[in-house]
Structure formats: structure tokens, C-alpha cells
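K.L.:
If you scroll down you'll find the structure; I have some questions about it.
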Amino acid sequence: NKDGSVRVLSKFIPKTKSEITQDILYTMDINCFEKSFRDVDVFTDEGNSRLNNFAAWEDPNGDELILGVIGQVCRVEN
């Protein structure tokens, strides 16, 4: 991105499927320097999507899944 962040598409797949769990696609911007992220689009199997290029940057707050994504993306980017 122009601001130096990296935009990635990730897919969350729940361990078990039920009526209330579904695959979710996230388009995320990742700031490797700040170790922060923002979800700019979330897409579900039901076709719901919300694009927000002005989403606020967030701290992962210890979330191991998000920290893992940030770590992998930033290792490849560097």
C-alpha cells in the first residue's frame, strides 16, 4: 500500500462446521513496523461483505492467530 502497509487476504476456517460457523475471508492491512492490523473487508459464505478502507488500526492484544499472520507476512515482506 502507499502508506507502507501490506494488504493480505486470509481465510478463517472453523474446526467444526455448524449453522452458526462458517468460513470467513478477511482482507487485512498489516503494519509491520507497528505490529498492528486493520480489517478492511470481511466476507462470509452468505455473501455478506463490508469494505472499509478507513478502518482504524488495531493492536492484536495477544491474539495468537493474528500475531501469527502478522509474523508470517512481515517475515516474507522483509
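Any read-out appearing in this document is the output of simple, stated calculations on the displayed coordinates, not a laboratory observation. For clarity, every value in this text was computed on a predicted model and none was experimentally measured. All Cβ positions, even for glycine, are placed from backbone atoms using ideal geometry, and neighbour counts span all protein chains on display.
K.L.:
Measure off 7 Å from each Cα along the Cα-to-Cβ vector at Ala56 and Cys74, then give the distance between these two points in nanometres to one decimal.
P.N.:
2.1
K.L.:
Now, a different point. Describe numerically, in nm with one decimal, the distance between label points set 7 Å from Cα along Cα→Cβ at Glu64 and at Ile24.
P.N.:
Distance between label points: 1.8 nm.
K.L.:
Stretch Leu9-Asp39 to full length: gain in nm at 0.36 nm per residue minus the Cα-Cα span?
P.N.:
9.8 nm
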